[in-house]
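The values are calculated or read from the model by the stated rules, or taken from the named source; none is laboratory data. All of these numbers come straight from a predicted model, not from anything done at the bench. Cβ coordinates were reconstructed from backbone atoms using ideal geometry, including for glycine residues, and neighbour counts include every protein chain displayed.
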Amino acid sequence: MISAWATQAIGRLDEERERAGATPLREFPLPAGWGVRLLLKDESAQPTGSLKHRLARALFHDAIIAGRISEGTTVVEATGGAMATAQAYFARLLGLPYVAVMPKKSSGAEVERLGGTCRYVDPPLAIYEEARRLADRVKGHCLDHYAAAAAVDWHGGSLAEELFEQVAECPRWIVVGAGTGATSAALGRHLRDRGLPGRLAVVDPENSAYFPGWAYGTPDYTTGMPSRIEGIGRPRVEPGFAADVVDLVVPVPDAASVAAARRVCEATGLAVGPATGTNLWGALELIGRMRAEDVRGDVVTVIGDAHPRHLSTCHDDAWAKGKGLDWEPHAARLARVLDHGESW
Ligand SMILES: *Cc1c(COP(=O)(O)O)cnc(C)c1O
């Protein structure tokens, strides 16, 4: 039996999910006459502005049901960026203390605005051990989203369930990046469970283990290098990545992700993060194949997040130059394809 506090907490999470509602599907403009629509599931419309909102909600839900989080439990996590923001939001909703252990260079401003605490650690890879140590010391709970994502129960809040309620016909391709792998696993399992004809492509940035691990069938592949595309790409294949429900993994150069993120910004007015660019690039590559084979239908991908801070990173020429990301040739290719209808 679960406690009165837990019952009330679960009620709050369910209410929040109802209130947040479904995120919109937007159409990305393609040249006329292609017979293909490109739809963007806009996760920037989530209350905390990113795709991480769903996973954070589900992880709190699971931990409460399992009794790992109860009244007054300090919730700890090793993460910065959008996941920390989403977790801080749910901790506040439930009246729980929250500590994000993040690399020194990250910004914890949003976590603090939501009443959470940030602990900055160097080197970046030390965050995992420090989060565990801290959780032990305060007898709190470390959410550990990379491990927990492998067994996540979405409690009706997955992107897959919501997306398939919004589309009349199954898309030919669904394109998404992988961080924990939970989102792609939910989409791939949904397609297979329902016997749907659509296929799932995971887009993968440089330095990530997902593409080589999938291509060579070696789940223990490691790169030892962090991804430069926030939110996606990992130095190892995480336990939540379900390779057997992924039809294709598409490697995308980081500079191409930057060029494509700018195109999404131009089309939607949203200051999307670079991972949304990775999605657009992969989707356009698959649409290029569909055109070559004269296949019609829809392709769906995701706007993972949007935030003004991205304006001073991937949308900023000086930043991209400083990182050695030569986005211009990729922007020129996008212009040839999207503005002049050339083939991919
Ligand atoms: C975090 C993130 C993902 C990956 O989500 P997981 O479910 O953790 O694999 C995909 N796309 C974007 C834009 C993200 O920020």
Inset, instruction - State yes or no: is ALA186 without any contact (Cβ under 8 Å) to a residue 40 or more places away in the chain, within 11 Å of the ligand (Cβ to nearest atom) and crowded, with 22+ Cβ neighbours inside 10 Å? - result: yes
Inset, instruction - Have a look at TYR98, TYR146, TYR120 and point out the one that is surrounded by 24 or more Cβ atoms within 10 Å (Cβ to Cβ), aromatic (Phe, Trp, Tyr) and in contact with a Gly (Cβ under 9 Å, 6 or more places away or on another chain). - result: TYR98
Legend entry - Count - residues of the range 296-332 that are small (Gly, Ala, Ser), within 22 Å of the chain's Cα centre (by Cα) and loosely packed, with under 15 Cβ neighbours inside 10 Å: 1
Inset, instruction - Please work out if ALA131 is modelled with pLDDT under 95, surrounded by 13 or more Cβ atoms within 10 Å (Cβ to Cβ) and part of a helix (DSSP H, G or I). - result: no
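Quick grid of which residues meet (1) in contact with a strand residue (DSSP E or B) (Cβ under 9 Å, 6 or more places away or on another chain); (2) assigned to a helix (DSSP H, G or I):
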position: LYS105; (1), (2): yes, no
position: ALA126; (1), (2): yes, yes
position: GLU161; (1), (2): no, yes
position: PHE164; (1), (2): no, yes
position: THR183; (1), (2): yes, yes
position: LEU187; (1), (2): yes, yes
Inset, instruction - Keeping to the range 59-91, report how many residues are charged (D, E, K, R) and under 22 Å from GLY231 (Cβ atoms). - result: 2
Legend entry - Residue within the range 235-255 that is within 14 Å of the ligand (Cβ to nearest atom), assigned to a loop (DSSP other than H, G, I, E, B), among the hydrophobic types (A, V, I, L, M, F, W, C) and under 19 Å from GLU162 (Cα atoms) present: no
Inset, instruction - State whether the residues of the range 84-102 include one that is within 26 Å of LEU191 (Cα to Cα) and away from the ligand (no atom under 15 Å from the Cβ). - result: no
Legend entry - Answer from PRO47, PRO24, PRO29 - the residue that is at pLDDT 95 or above, under 30 Å from ILE287 (Cα atoms) and out of contact with any strand residue (DSSP E or B) (no Cβ under 8 Å at 6 or more places or on another chain): PRO29
